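Novice: Below you will find the structure I want to go over with you.
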Amino acid sequence: MRNLSIVLDILVVYLAAIVSVLVFKRLRQTSLAGFLVAGAIIGPYALNLVSSIQQVEFLAEIGVIFFLFLVGLEFPMERLAEARKAVFGAGALQVAATSLVFHLLFLKMGFSPPQALLAGMVLALSSTAIVLKMLAEKSELDSMYGRTSLYILIFQDLMIVPIMILVPILAGSENESTSILFLKAIGKAGLVIATILLLARYFLKPLMGYIARQRNPELFLISVLCICIGTALLTYQAGFSLILGAFTAGLILSETKFKHQITADLLPFRDSLLPLFFISVGMLVDVSYLFSNMGKVLSLFLLIVLVKAALAQIVLMALRYPFRQTIMISLALAQAGEFAFILLMEGKGHGLIDEGQYQTLLSAIVLSMLAAPFLMDKAASIAFYLSSTRLLGGIASALPVLDAIEKGEDLKDHVVVCGFGVAGKNIARSLKTLDIPYVVLDMNWSNVEKGMKAGERIVFGDAGRREILEAVGIKRARAIVLSINEYESVGRIAQLARSMNPGLFILVRTRYVQNLEAMKKAGADLVVPEEFEASLKIVSELLHAFGFGVGEIDMLIKDIRIDHYAIFGKGNG
């Protein structure tokens, strides 16, 4: 077999992926970081277990094409309007500020203006893959912290297209001003995307409709693959990158009724090829260069993390995001992203940066991505610590405390409801119907505004702040309901509330079964898991269908709750 070497190379890569997933899962770190380390170990600069890196890189590029296609496909266009403050406010300011500061720093380091501009824009981007994976694992995608992080990442993803177009312009225009370069990039991006949109409207969407009507899954999947790869090749022939076309094709199809089926069909391709991308990136790291230039690389790594976190913090505080949330978001965005590798390779391929600059940036970026899971894992603890300090905490809570005192000073034997989402609103309505006094705390200003318009006694404030809880009368309260989606924050709020009022009844709403024991240990008197309650509803309806009486069903459900859901497995107590 003539091409046996590539088969062996792919086998080695996937074996390394398996080992890295197992090891990093044991270390409680994301598998994406493990792929980078595995690539560095088996690559040509270490054990040299892969003979044909070019072949692996080719497959990895196919993986990236599918990845970008799905990023475009899953891009929440309909949510841009409702999230415009986070996307076009926080996102735009974060990218602009970070690009500018790094641009100036790299100029001081001896980079030419085009090199410094590329490096600055590359480091302004964070890792969508790592951040979303960590948020999903910690069940925090629906939290304010998770949503805001996602919206900023959305804007960063939007910036990939003009940056990719800008790279060859930077490489060939050493003497032109930055503003002219940006105008050229935006103009070329607009022309390409407009052309593809016209083709999509009059050809692609009708074609997909025709194919879908054939009711042939194989034909549908093959057609999607052709559209994805074909659009990528079209943009490549026009002088742009393959991934620009893939992203644009995904964006177009995201506006069709086929997006969910396409996503389901292509996820296996992405999940099987994406490890190749991260491992192939790890192979690019020159381990000997890393160790011989450790001081320079570590300095740049620390600079990346500190500057990105600090600038994100400043931007978010300027936009009046809650203090504790700004710390968590800034730590989530403190790493460089996977697209940095692609952009750096583009820059190197066009002769914009040399090998030494490439290796220094690459090594520091890999280190920042390896640090990302640790920073996100400790984000809640760091945020609580910093917000509890007298100086920072006092500044952060001064205005919310005044509002909280006004709305909580006359309350006694009341309920403090933390979170004004769907569950929080239902709890507030029920308490109002029963004439039980209550006050609501929420850190989403949009929710607070809606609540105030509806006549709710609602306060914009962080329930994790002692001053806020004291202001809403936690020491005089009879109960607190924690209906927020930040798992670690809920536990800490429960502990804080218990320390301030030992006799307080603490009720926690959680989405996931795995949080039950931790919430009980944190001091909750009752934890209501949505997964178990949904199961009880299904069991109840099923028993009713089988002819069981209402009394029998109610007794069974009551017994299950008294037994802390033990019938479902690991219990609630």
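Coordinate-derived values only; no laboratory data. All of these numbers come straight from a predicted model, not from anything done at the bench. Virtual Cβ from ideal backbone geometry, glycine too; neighbours counted across all protein chains shown.
Novice: Treat every Asp and Glu Cβ in the chain as -1 and every Lys and Arg Cβ as +1, leave all other atoms uncharged, and give the resulting dipole magnitude about the Cα centre to the nearest 20 debye. Please report the intermediate quantities before stating the final value.
Specialist: Working: 50 positive and 46 negative charges, 137 e Å.
For the chain, the charge dipole is close to 660 debye.
Novice: With the cut-off at 27 Å, tell me which of the pairs K25/K348; K257/K453; K475/K521; K259/K348; K296/K348 have Cα atoms farther apart than that. Numbers along the way, then the final one.
Specialist: Details: K25/K348 34 Å; K257/K453 36 Å; K475/K521 21 Å; K259/K348 35 Å; K296/K348 20 Å.
Beyond 27 Å between Cα atoms: K25/K348; K257/K453; K259/K348.
Novice: Residue by residue, what Karplus-based ³J(HN,Hα) values in Hz, rounded to whole numbers, does segment 205-217 have, using 6.51, -1.76 and 1.60 with θ = phi - 60° and x for Gly and Pro?
Specialist: These are the phi-based 3J(HN,Hα) values: 5, x, 4, 5, x, 4, 5, 5, 5, 6, 6, 10, x Hz.
Novice: With a sphere of radius 11 Å drawn around the Cβ of L362, what net charge do the other residues whose Cβ falls strictly inside it have (Lys, Arg +1; Asp, Glu -1)?
Specialist: -1
Novice: Per-residue ellipticity at 222 nm for the chain, helices alone: DSSP H runs ≥ 4 residues times -39500 (n - 2.57), over residue total, nearest 500 deg cm²/dmol? Can you show the working numbers first?
Specialist: Numbers: 26 runs with 395 residues, N = 573.
Mean residue ellipticity at 222 nm (helix-derived): -22500 deg cm²/dmol.
Novice: Right, here's the next one. What does the net charge come to around S127 if you take all other residues with beta carbon closer than 12 Å to its beta carbon, with K and R at +1 and D and E at -1?
Specialist: Counting the neighbours of S127, the net charge comes to 0.
Novice: Using modelled backbone amide H atoms (1.01 Å from N, in-plane), which distant-in-sequence or interchain residues come within less than 5 Å of V459's amide H?
Specialist: Long-range HN contacts for V459: V440, L441, D442.
Novice: With the cut-off at 35 Å, report for the chain the share of all Cα pairs above it, as a whole percent.
Specialist: Details: 75828 of 163878 pairs.
More than 35 Å apart: 46 percent of the Cα pairs in the chain.
Novice: Starting from the Cα-Cα distance between K475 and F374, subtract it from 0.36 nm times their residue separation and give me the gain in nm to one decimal. Walk me through the numbers on the way to the answer.
Specialist: Working: separation 101, 0.36 × 101 = 36.36 nm, distance 3.52 nm.
Contour length minus the Cα-Cα distance gives 32.8 nm.
Novice: In addition: Compute the relative contact order of the chain as a whole-number percentage, counting only Cα pairs closer than 8 Å that sit 6 or more residues apart in sequence. Before the final figure, lay out each step's value.
Specialist: Numbers: 823 pairs, mean separation 87.1, N = 573.
In percent, rounded to a whole number, it is 15.
Novice: Can you find, among V12, L300, P168, the residue sitting farthest towards the positive end of the charge dipole of segment 4-378, where Lys and Arg contribute +1 and Asp and Glu -1 at Cβ?
Specialist: Of the options given, the answer is L300.
Novice: Let me check I've understood the local charge: for G146, count other residues with C-beta under 9 angstrom from its C-beta, Lys and Arg +1, Asp and Glu -1. What total comes out?
Specialist: On the way: positive: K138, R147; negative: E140, D142, E486.
Net charge in that neighbourhood comes out at -1.
Novice: Given a Förster distance of 30 angstrom, what is the FRET efficiency for D563 paired with I436, based on the Cβ-Cβ distance and rounded to 0.05?
Specialist: Numbers: r = 28 Å, r/R0 = 0.93.
Efficiency, rounded to the nearest 0.05: 0.60.
Novice: Quick one: divide the alpha-carbon radius of gyration of segment 241-282 by 2.2 N^0.38 Å and tell me what you get. Don't skip to the end; give the middle numbers.
Specialist: On the way: Rg = 12.3 Å, N = 42, 2.2 N^0.38 = 9.1 Å.
That ratio works out to 1.35.
Novice: Rank by packing, highest mean first: peptides 106-118, 436-448, with packing defined as the count of other Cβ atoms within 10 Å averaged across residues. All intermediate terms of the calculation are to be shown ahead of the outcome.
Specialist: Details: 106-118: 18.4, 436-448: 21.3.
So the order, starting with the most tightly packed, is 436-448, 106-118.
Novice: Compute the relative contact order of segment 1-46 as a whole-number percentage, counting only Cα pairs closer than 8 Å that sit 6 or more residues apart in sequence.
Specialist: On the way: 24 pairs, mean separation 14.5, N = 46.
Relative CO of segment 1-46 lands at 32 percent.
Novice: Given q = 0.12, 0.16, 0.18 Å⁻¹, what are the Debye log10 I(q)/I(0) values for segment 413-472, with equal point scatterers placed on the Cα positions and solvent ignored?
Specialist: -0.24, -0.44, -0.55
Novice: If we sort 526-533, 498-505 on the protection proxy, mean other Cβ atoms within 10 Å, highest first, what's the order?
Specialist: Numbers: 526-533: 18.4, 498-505: 14.2.
The peptides rank, most packed first, as 526-533, 498-505.
Novice: Now for a separate question. From the phi angles alone, apply the Karplus equation (6.51, -1.76, 1.60; θ = phi - 60°) to segment 455-465 and give each ³J(HN,Hα) in whole Hz, x where the residue is Gly or Pro.
Specialist: x, 6, 7, 10, 10, 7, x, 9, 5, x, 9
Novice: What ranking, highest mean first, results for peptides 312-321, 459-468 when packing means the other Cβ atoms within 10 Å averaged over each residue? Please list the in-between numbers first.
Specialist: Numbers: 312-321: 19.0, 459-468: 24.0.
Top to bottom by mean Cβ count within 10 Å: 459-468, 312-321.
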